[in-house]
Amino acid sequence: MPRIASRRAIAATAALALALTLAPTLPIAPTSSASAAVSTSCTGATQSAVQKRILSAVNTARKNAGKKPMTLSTNMSRVAIAWSGKQAAANRMSHNPNYAQQIPPGWVRAAENVAFGYTPAKVTPAWLKSPGHRANILGKYNRIGIGVACSSKGLPFYTQVFGAYPSR
């Protein structure tokens with residue numbers, strides 16, 4: 001057993017040394033803007049343009065269902081953009097287990113949608129074909145955060161976070 005533990009310690013030390021050697025050469029993403037940390041190049045549009053397109057499609061679906069429009073929240077979008085970036089970095093779609101703690105406090109109801117591989121024009125129609133995603137889009141929410149990030153394989157990963165906040 002001591003020999004196995006010793007080999008593991010040597011391997012861990014070597015991995016740490018390699019990581020520390022490579023770390024200075026890795027680009028550091030700016031912290032001033034969440035959208036600056038992710039690429040949207042695979043969509044052919046800026047983060048803002050993708051957000052506007054998705055917000056318009058969401059609010060059109062809401063209007064057609066007799067619902068009030070949602071407002072795009074900058075703070076909620078930061079959460080959505082960051083999660084899209086994590087999904088893109090992992091090249092794997094997944095839900096954010098902490099979105100409810102990350103969006104601004106004061107909400108009475110919250111939800112999340114994720115998707116990948118669609119164009120900005122086709123992602124909302126795809127969400128609307130799924131009962132759970134459709135329920136979130138048409139749900140009793142008044143604010144939305146939207147984000148997209150491109151993976152190294154050129155696939156867009158999308159996140160929507162929804163919040164129902166009391167009227168001010």
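If a spin label sat at a point 7 angstrom from the Cα of SER41 along the line to its beta carbon, the backbone N atoms of the stretch 103-130 nearer than 19 Å would be those of 117-120.
For the stretch 69-168, the Cβ-based charge dipole about the Cα centre amounts to some 100 debye (Lys, Arg positive; Asp, Glu negative; other atoms uncharged).
With the highest mean first, a sort of the peptides 79-85, 132-138, 47-53 on other beta-carbon atoms found within 10 angstrom per residue produces 79-85, 47-53, 132-138.
For the stretch 31-168, pairs of C-alpha atoms spaced more than 17 angstrom apart make up 54 percent of the total.
Give the Kirkwood hydrodynamic radius (Å, one decimal) of the stretch 42-96, defined as one over the mean of 1/r across all pairs of different Cα atoms.
After inverting the mean inverse Cα-Cα distance, the result is 12.7 Å.
Which value, in Å², gives the accessible area per residue of the stretch 62-153 when a 1.4 Å probe is used on the protein heavy atoms?
Numbers: 4950 Å² over 92 residues.
With the other protein chains kept in place, the stretch 62-153 gives 54 Å² per residue.
Here the stretch 97-155 is treated with +1 on each Lys and Arg Cβ and -1 on each Asp and Glu Cβ, and its dipole about the Cα centre works out to around 160 debye.
The values are calculated or read from the model by the stated rules, or taken from the named source; none is laboratory data. The structure displayed is predicted, hence computed values, not measured ones. No Cβ is skipped: glycine too gets one built from the backbone with ideal geometry, and neighbour counts run over all protein chains shown. We work out accessible area using only protein heavy atoms, side chains counted, and drop any ligands, DNA or RNA first. Shrake-Rupley method; radii C 1.70, N 1.55, O 1.52, S 1.80 Å.
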